[in-house]
Amino acid sequence: MGHVAVFLTSMGIGGAQRVAFNLCSGLVQNGHTVDLVLVSAEGDLLEELPPEISVVGLDASRVTTSALPLRRYLRAREPDVLYAMMTEINVAAVAAHRLAGVGTRLVVSEHNMPSASADGIKDRLALRLAALAYPYADRTVAVSRGVREDLRRVVGVEATVIHNPVDVERIRRRAGEPMDHDWFADPSLSVVTSAGRHVPQKGFDTLLRAFAALADDDARLVLLGEGEQRAALRRLADDLAVGERVAFPGFVDNPFKYMGRADAFVLSSWYEGFGNVLIEAMACGTPVVSTDCPSGPSEILENGTYGPLVPVKDPDRMAGAIDEVLSDPPDSEALSMRADEFSIPVVTAAYEDVFFGEE
């Protein structure tokens, strides 16, 4: 068995953090020694980590100052593999690895579209540094084919595609937890859900317009999450005369009990790195509708085999797709089996090939 160090910022609630959590859990389950190396050893997910995972805090004030303490860690521990997650972290990992002069295999990874997320001077600088740094890594991982193509175009490196690991068994257990919400208890209603940060990228304005155009007046929409657009989205729902049929529960500890009881789940994003939330809904057997955004949804849904794909920012097409799955839902068992293909054991095995396999 090998010794793997997984390097990222912290373990606050977030997509990359959950991916790290699941991957570390899968690696220790398979008998590997795992160090979770954090720029700052903080975050709610730390409390949930399996005890076999060692947490190493670098006590750095920011990512840019983490390279030297990471170098010290590498020299002291000399893990077989250092796996870094996200652009800035990757650049720091390359610097530390070269300074340490150890035989550790370095694997960097991208979890979002580099071109789509580079919307500030800091992000653009990170991409320029990535173009210089990534060739020094032993392997580069992209979480979807779209991210791989973007990396090739923007950064100029080749990457291996490994989809995100999803804890489908945990999702199914939590989906069955009790919930008190009148809409889900009323069989005469069709409940549509979505979840995510209330920011422009998530396209919730398109979803609200699509919902307002549904043929089913007995439909209800539950929009989970919080963010800068929450008040504006509430006003839009009122302007569209659907305010009384849309609920904004905010952040919820267990979104899966909403997904599992919904009649449909919709992802309305402009872009994604992958789109884990689709797999989470499918793990519950819930029908899904998604924008055909870059990148991830078309791969998860196999070009529409497991759920309709609609153009980005097209509320009419989205409304038609939602009406379609509400009136003629796909087989829930098929959706659940598709979600199993992204389970922790399956994805961990793919990472083991990259970490310990031959070039």
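For D44, only one of the following conditions fails: (1) at pLDDT 95 or above; (2) out of contact with any Lys or Arg (no Cβ under 8 Å at 6 or more places or on another chain). What is its number?
Every listed condition holds for D44 apart from (1).
Quick check, is G176 touching a residue at least 24 places away in the same chain (Cβ under 8 Å) and under 23 Å from K257 (Cα atoms)? Show your work before the answer.
Details: touching a residue at least 24 places away in the same chain (Cβ under 8 Å): yes; under 23 Å from K257 (Cα atoms): yes.
For G176, the condition - touching a residue at least 24 places away in the same chain (Cβ under 8 Å) and under 23 Å from K257 (Cα atoms) - is met.
Could you identify the single residue in A5, A60 that is out of contact with any Lys or Arg (no Cβ under 6 Å at 6 or more places or on another chain), surrounded by 17 or more Cβ atoms within 10 Å (Cβ to Cβ) and within 16 Å of Y351 (Cα to Cα)? I'd like the intermediate steps shown before the answer.
Working: A60 fails: within 16 Å of Y351 (Cα to Cα).
The match here is A5.
Given the conditions (1) in contact with a Leu (Cβ under 7 Å, 6 or more places away or on another chain); (2) surrounded by fewer than 17 Cβ atoms within 10 Å (Cβ to Cβ); (3) among the β-branched types (V, I, T), report the number of the one that I89 does not fulfil.
(2)
Among P297, P255, which is touching a strand residue (DSSP E or B) at 6+ places or on another chain (Cβ under 7 Å) and farther than 21 Å from D150 by Cα?
On the way: P297 fails: farther than 21 Å from D150 by Cα.
Unique residue meeting the criteria: P255.
From the list A41, A96, A76, pick out the single residue that is more than 26 Å from G146 (Cβ to Cβ), surrounded by 20 or more Cβ atoms within 10 Å (Cβ to Cβ) and of a type in the set (G, A, S).
None of the other options fit; the residue is A96.
Residue by residue through segment 107-133, note down the ones that are modelled with pLDDT of 80 or more and among the acidic types (D, E).
The answer is E110, and nothing else.
Hey, any hits in segment 310-317 for a residue that's within 24 Å of K257 (Cβ to Cβ) and assigned by TED's automatic domain parsing to the domain that holds S268? Reasoning before the result, please.
First pass over segment 310-317, keeping only residues within 24 Å of K257 (Cβ to Cβ): none.
No, segment 310-317 has no match at all.
Which of the helices (runs of 4 or more DSSP H) contained wholly in segment 54-127 include at least 3 residues that are touching a Ser or Thr at 6+ places or on another chain (Cβ under 9 Å), aliphatic (A, V, I, L, M) and closer than 25 Å to L23 by Cα? Please lay out each step first, then the result.
Values: elements: 67-77, 87-100, 114-117.
Result: 87-100.
Search segment 130-158 for residues that are part of a strand (DSSP E or B) and pair each with any residue that is of a type in the set (D, E) when their beta-carbon atoms are under 6 Å apart and the residues are at least 6 apart or on different chains.
Pairs found: A142/E110.
So how many residues does segment 17-45 have that are within 22 Å of A92 (Cα to Cα), in a helix (DSSP H, G or I) and hydrophobic (A, V, I, L, M, F, W, C)? Explain how you work it out, then say what you get.
First, the residues of segment 17-45 that are within 22 Å of A92 (Cα to Cα): 17-21, 23-24, 34-43.
So of that shortlist, the ones also in a helix (DSSP H, G or I) come out as 17-21, 23-24.
Right, trim to hydrophobic (A, V, I, L, M, F, W, C) and you get 19-21, 23-24.
Within segment 17-45, residues that are within 22 Å of A92 (Cα to Cα), in a helix (DSSP H, G or I) and hydrophobic (A, V, I, L, M, F, W, C) number 5.
When only residues in segment 134-145 that are small (G, A, S) and under 21 Å from the mean Cα position of the chain (by Cα) count, which is modelled with the lowest pLDDT? Spell out the reasoning first.
To start, the set of residues in segment 134-145 that are small (G, A, S) comprises 137, 142, 144.
So of that shortlist, the ones also under 21 Å from the mean Cα position of the chain (by Cα) come out as 142, 144.
Values: A142: 96, S144: 92.
This residue is S144.
Confirm whether R174 is among the basic types (K, R), over 22 Å from C293 (Cα atoms), touching a helix residue (DSSP H, G or I) at 6+ places or on another chain (Cβ under 7 Å) and not in a loop (DSSP other than H, G, I, E, B). So that I can check it myself, show each step before the final result.
Numbers: among the basic types (K, R): yes; over 22 Å from C293 (Cα atoms): yes; touching a helix residue (DSSP H, G or I) at 6+ places or on another chain (Cβ under 7 Å): yes; not in a loop (DSSP other than H, G, I, E, B): yes.
Criteria met by R174.
Hey, can you tell me all the residues within segment 340-359 that are assigned to a loop (DSSP other than H, G, I, E, B) and closer than 13 Å to D80 by Cβ?
G357
The values are calculated or read from the model by the stated rules, or taken from the named source; none is laboratory data. All of these numbers come straight from a predicted model, not from anything done at the bench. Heads up, the Cβs are rebuilt from the backbone with ideal geometry, glycines too, and the neighbour counts pull from every protein chain shown.
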